[in-house]
Each structure stands twice: as C-alpha cells, then as structure tokens.
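Following: one structure in structure tokens, then a few remarks.
Readers should treat all values here as calculations from the given coordinates under stated rules, not as data from a laboratory. These numbers come from a predicted model, not from an experiment.
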Amino acid sequence: MITESVQRQVRQASVPASFGSDGNSKNPLAEFVCVDKRGKDIHLQPGKPFRIPFEGRESCRVIIHRELLKPEDGLQEVVLDVDVTAADGAARSQAKISERMVLRPSSEPKVFWIHGGVEQFDRVVVRVSHVVDEERYVISPTLRSGLPSVQWSAIVEGGRFRLYATVAIPAGLFRVTAPSGQLRLNFGVLSRLTVLDDLGKESIFGLELGLMGVGLTTDNLSGTKYPPTLAAVVGMGIRVPLGQGAAVGINAWAAYEFRDDITDVMDKSIGSNRWAFIFGPSIAVGNAGRNL
C-alpha cells in the first residue's frame, strides 16, 4: 500500500510513415527523380537499376514530400544517405550526402540535389530510412526488426571506348626477329584503345601504340651485341587491372627500332632488319585519358 500519488509520464509518440518503397504508390513520401534524354522527369523505381543520361547527370535529386505527412503520424526522424562511386570503385566524397532530419507536415517538399562533379559510369546509391528510436516511435513487434526504408541505384551513361596513356615496364621482352633473344630492361609510354562495357569496365584486350626503350642494359642476342634502342611499337595487349591505376599484362608488338647496327662479338656489323616482332609480360601504371 502506498499513500503517495502515482503518475505516468505522458509523451507524444509517432507512427513511422511508409515511403512507398513498393514503387506502386501514387503519392510516395520519398522520390528519386532524374531527367531523361528528352528532358522529361523520370521517377525512378526503388530497387531497379536506372541509367542516367550523361547530359542529365546534374538533374538528379531526392524529394521528401513533407506535404504528404499526416498530423496524426507525428514527427518523422529519417536519415538520407547518398553515395557516389567511380567506375573503379573509388568514392567521390564531394558528392556524398548524409543527412539526419526530423520531418513535420509542411506545405513544401524538401529537395536534395546530387552534386559533386558526377562523371561517366559513376554509380549513385540513395537510401532513405527511419531512425530506430523507441523513444520517438510506437514500434510494434512486427516492425521491431526493421522500420520502413527505400533505396534506389543508378549509373551514369558513358562512352563505348576508352583512349588513355599509361607507363609500361615490360619485364623480359623476347625479340623473335633474328637476331632473337631476351631484352631484360625496358621502359616506355603507351597509348591504349579498349572497349568499355555497360558498367564502364574496360576489356582486357586493347590496341596499343607508343615509344619503348628496349634493351637498355647491354644484352647479347644469339651471340651478338644489341645496342640500347628506342622503338616505336604497335600491336595488341592483354591488361588485367590491379587497382589504383596499376595493371599487369602481356604485350605483342611490331616494333621499328631507331638504333645503331647490331654487331657480333668481334664488333663487326651484322645486317639486320629494323622491323622486329617482340612480346612479353609487363607492369603498367597510369590511366590518364577519356571515354569516347
């Protein structure tokens, strides 16, 4: 038995509003909108990938329709996350949005524009979710495992080819043309043309053209003295990216050599064609270029 009065704290509770994440709602609380090639607004469907025209990459925005909130639902505490990553997986921090907000009924929607220099094949992921807060929401046992949320994903369209320059360090090139043999130290700059897929990933095969210093250390090919040579090369290369602009590959080139005559061990000049076929593995660093 108690003689003192007993009171319960009375506070306002909210009901988490649905975002219309099924994509069939006529009046969704949150929308992700971009402009198509004809300049018309496209309301993206949650969970379905969308290709943003490159010309319309600055038109994308997230719209929170505060005017659709009902007073009886109470205040809504939500988090908006926008992540933008380049084709190579690098995050574009300048385009990132992480906004935590408390929504109340209003006559105007809240608009967040996607910004930060979005480029070709950039991937945009947008998430809107309620904050799990039992102090604010009335959460039933069925909602305890997860409050309403919605997510969109889109990728910016880009070119079908990529032309770029890279620094190549072939290890142990083999010269097939007589006099044949291995060229140990090689270094040069290549331009490379390759095909891109729908996600901006380049093909492992590419056409290559460049200048290469070959045989930069004294080397003997089939009993001859091969001088350090600058060669113009053209051919095919297989390149496997390692990340951060680095790659390993195998190259096969036709080369025109700007060199002195090849001599034998007695320093006697040996007539040889300045056109040669060379191939071998290489390490490449750099990917400076543009999509076509």
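Summarising the amide proton neighbourhood of ASP122: residues at separation of 5 or more, or on other chains, whose placed amide H is nearer than 5 Å comprise VAL156. Between GLY213, GLY39, GLY47, the Gaussian network model of the chain with springs among Cα atoms under 10 angstrom shows the greatest mean-square fluctuation at GLY39. Solvent-free Debye calculation, one equal scatterer per alpha-carbon of segment 30-156: log10 I(q)/I(0) at 0.12, 0.14, 0.19 Å⁻¹ equals -0.50, -0.66, -1.07. Where is the GNM fluctuation largest for the chain (alpha-carbon springs, 10 angstrom cutoff): LYS26, LYS96, LYS225? Result for the chain, Cα springs under 10 Å: LYS26 fluctuates most.
For LEU221, the amide hydrogen comes within under 5 Å of the amide hydrogens of TYR226, counting only partners 5 or more places away or on other chains and with H modelled in the peptide plane. Just checking the listed ones, LEU75, LEU242, LEU163: in the Gaussian network model of the chain with Cα springs under 10 Å, the one fluctuating most is LEU242.
Computing volume of the Cα convex hull per residue in Å³ directly from the structure and comparing it against (i) 163; (ii) 192; (iii) 182 singles out (ii).
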